[in-house]
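Written below as structure tokens is the structure these notes are about.
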Amino acid sequence: MATLSERMPAALARRTAAEYGIWSWLTTVDHKRIGIMYLVSATIFFIFGGTEAFLMRLQLMRPENHIVSFQLFNQLFTMHGITMIFLAVMPLLIGYINVVMPLQIGARDVAYPRLNAVSLWLFFAGGLMLYSSWFLGGAPNAGWYNYAPINTGGVLNPGSDTLGISFYVLGLQIAGIGTLLSGINFTATILNLRAPGMSLMRMPLFVWTVLITSILIVFAFPPFTANLGLLMFDRLFNTGFFDPSKGGNALLWQQLFWIFGHPEVYILIMPAFGMISEVVPTFSRKPLFGYTTMVFAIIVIAFLAFMVWSHHMFTTGMGAVVNSVFAATSMAIAVPTGVKIFNWIATMWGGRIRYTTSMLFAIGFLFCFVIGGMSGVMLAAAPADYQFNDSYFLVAHIHYVLIGGSLFALFAGTYYWFPKMTGRLLSERLGKLNFWIVLIGFNVTFFPMHFLGIDGMPRRVATYPPGLGLSFWNFVSTIGVFILTAGILIFLYNLRDSLRNGEIAGPDPWDARTLEWSIPSPAPEYNFAQIPLVRGRDALWVEKQHGDGRMLPAQIVEQHGDHDADDHDAHQHHADRHLVHMPSPTPLPLILGAGAMVAGYAGLYRVWWLAILALVACFYGIFRLMYDRDPGYYVEPKGDVG
């Protein structure tokens, strides 16, 4: 009787123990591992960005402080903005998308596993390149928006005080290409790999928000990439796209930047909407209220996201007609957003709410995000914007949207999905302490900034004179940062302790509603032993109410092995035939990311032979990924579906 190893081709043999070490993580194409690496990397960058914010608040705690120099302050607020938007919040969301989305649609992986790994290493390479600027001539110093003509600075000379902006250009180009590839990959995955029975209107709302976010990425990132390309030519080759003295237009940068920049806000908040839409129904013990209206609301938000960018430019002299049109569209986008808020409240209304840490952060999200939304409507009024623009009122608004919105949702999602990634629960006792301290610290930090902005304090200033009435609220805001930092440290301790000592979770610790909770925790590498059959919205909940609580297989699994064996032999080898084909790990994405980073450094320092060599390595990796026929390997799953 043939054994399993004999009946499988040698190239398809299962992985060895050595492939479970560090090298297996560096070469993995498993969406769950890639998601975890996104989460770990983004958390490290988040700590860097938070440290930069902490130093800025210390500088502004008192008037005429001298904790940091003015030049260093410019670098701190620039790197803080870049880090939080491009290297922390967005990669954290992409990490959860990688981990959760394929599980929620009943897929074994994303559509292009190797491309997914390429996206990860390009993001990481771009982030490393940006942060190396601190040690190689100075970090970027013109804000995360990097307006022209400050960003041109003449022909690049290594070691000049504007070298950091070149790091901005090349680092964000590399990381941005990775994000663009993720958007393409996620769109293809959702449209093509859903389990049988899962129509678009049966998808979990988190998956809907991922689909819309991915479409936003696909359409928003190319203008930004083009903008960075033009600036790269200005800096490396002394062209004049943004230099008026050479026939260029400085406002061209702003137009192209904000065509990307405002959809980027919704790229950062849309998956957060999806997270809240998973947490609230689970812990309210009710289906999501108004599912169809929620779907159409996020579609309308995505459509309007490309029609509001010029409200960032009300004070540039575009004229009353243009300002009026963009003011109207900017206010209109509050309507579908308000629909979502009321639907979440209606979901909780009459429900049997369990106040877990995840649910508390979801409720905190509603409270803080509504404040950010209301200040956004105020900023949409063009006449009022002349007062609010470039003041601390705007700083308060964006932080209530991106911390009160995205970060609170990320906390909710972490406490909710941590068991699915690790098999252990985070401490609820520490979690609730974490919630209250973060909620208090966040509001003490950022709510006073509304008052500072109305009182006329401009943002991006390193100090202020006494006697202007700004000292008290700046002091309060800095005290809030200490409280908020304490809350973040409690969370990080909770993560570390729970990884070692957390309570074992089981497959479905929350009595949840969607497919990811139908499989073991942590999820096996193949996700599903057999692809599940979806018989309704909230697929697992349908089986709990109308079945035996387990997902049904969509079809009989493919039979591998000796088809000539007799019935007795087939019975004996029933387990052998339930094999799942998996893609092989590969170092090519890592090589491609390293090559892109080396090419960036070489171009920045004009070492053209090295740039060409690194680009050749990148193209080698691309063609190998395109034409390499991966034989893969097989694993033997346990169980019928989960």
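Overview of values
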{"item": "DSSP-loop trypsin sites (Lys or Arg not before Pro) across the stretch 415-491, with at most 15 other Cβ within 10 angstrom", "result": "Arg460"}
{"item": "Positive-end extreme of charge dipole, the chain - chosen from Ala346, Leu211, Pro196 (charges on Cβ)", "result": "Ala346"}
{"item": "Spin-label model distance (nm) - Tyr355 vs Lys432, 7 Å beyond Cα toward Cβ", "result": "0.7 nm"}
{"item": "Calculated diffusion of the stretch 266-396, Stokes-Einstein form, Kirkwood radius summed over Cα pairs, 25 °C and 0.890 mPa s, µm²/s", "result": "154 µm²/s"}
{"item": "Average Cα contact separation per residue, the stretch 2-635, under 8 Å, 6 or more apart, as relative contact order %", "result": "18 percent"}
{"item": "Model label zone, Glu64; criterion: amide N under 13 Å from point 7 Å along Cα-to-beta-carbon; scope the stretch 464-504", "result": "464-468"}
{"item": "Highest-first arrangement of 108-116, 41-49, where packing means the average Cβ count within 10 Å", "result": "108-116, 41-49"}
{"item": "Residues of the stretch 2-635: accessible area per residue with a 1.4 Å probe, Å²", "result": "39 Å²"}
{"item": "Candidate lysines - alpha carbon under 21 Å from Lys32, same-chain residues fewer than 8 apart omitted", "result": "Lys420, Lys638"}
{"item": "Sulfur and carbon atoms: percent of accessible area, the chain [1.4 Å]", "result": "68 percent"}
{"item": "Assigned charges on the beta-carbon of Lys, Arg, Asp, Glu; the chain dipole about Cα centre (debye)", "result": "980 debye"}
{"item": "Translational diffusion coefficient (Stokes-Einstein; Kirkwood radius from C-alpha pairs) of the stretch 504-552 at 20 °C, 1.002 mPa s, in µm²/s", "result": "194 µm²/s"}
{"item": "Positive-end residue of Gly21, Val40, Pro271, charge dipole of the stretch 2-635 with Cβ unit charges", "result": "Pro271"}
{"item": "Calculated from backbone phi, Karplus (6.51, -1.76, 1.60) coupling profile of the stretch 67-72 in Hz, x at Gly/Pro", "result": "5, 10, 6, 4, 5, 5"}
{"item": "Mean Cα-pair separation over length for the stretch 25-133, i.e. relative contact order, pairs under 8 Å, 6 or more apart, %", "result": "43 percent"}
{"item": "Environment charge at Gly351 (Cβ cut-off 10 Å; Lys +1, Arg +1, Asp -1, Glu -1)", "result": "+4"}
{"item": "Positive minus negative residues near Arg285 (Lys, Arg vs Asp, Glu; Cβ under 13 Å)", "result": "+3"}
{"item": "Full-extension gain in nm, Arg285 to Leu499, via 0.36 nm per residue minus C-alpha separation", "result": "74.3 nm"}
{"item": "Surrounding net charge for Leu468, when Lys and Arg each add one and Asp and Glu each subtract one, Cβ distance under 12 Å", "result": "-2"}
{"item": "Gain in span if fully extended, Thr316 to Leu552, counting 0.36 nm per residue against the direct Cα distance", "result": "79.0 nm"}
{"item": "Degrees between helix 291-305 axis and first principal axis of the chain (Cα, 0 to 90, nearest 10)", "result": "40 degrees"}
{"item": "Trypsin sites (Lys or Arg not before Pro) restricted to the stretch 587-642 and DSSP loop, no more than 14 other C-beta within 10 Å", "result": "Arg606, Arg629, Lys638"}
{"item": "Projected label distance in nm at Phe482 and Ser24, using a 7 Å step from Cα toward the beta-carbon", "result": "4.7 nm"}
{"item": "Farthest positive-ward along the chain dipole, Cα basis, beta-carbon charges - from Gln173, Ile454, Ile398", "result": "Ile454"}
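The values are calculated or read from the model by the stated rules, or taken from the named source; none is laboratory data. Remember, it's a predicted structure, so these values are computed and weren't measured experimentally. For neighbour counting, all protein chains shown are included, and Cβ atoms are generated from backbone atoms with ideal geometry for every residue, glycine included. Ligands, DNA and RNA are stripped out before the accessible areas are found, and what is left, the full protein with its side chains, is counted by its heavy atoms. Shrake-Rupley method; radii C 1.70, N 1.55, O 1.52, S 1.80 Å.
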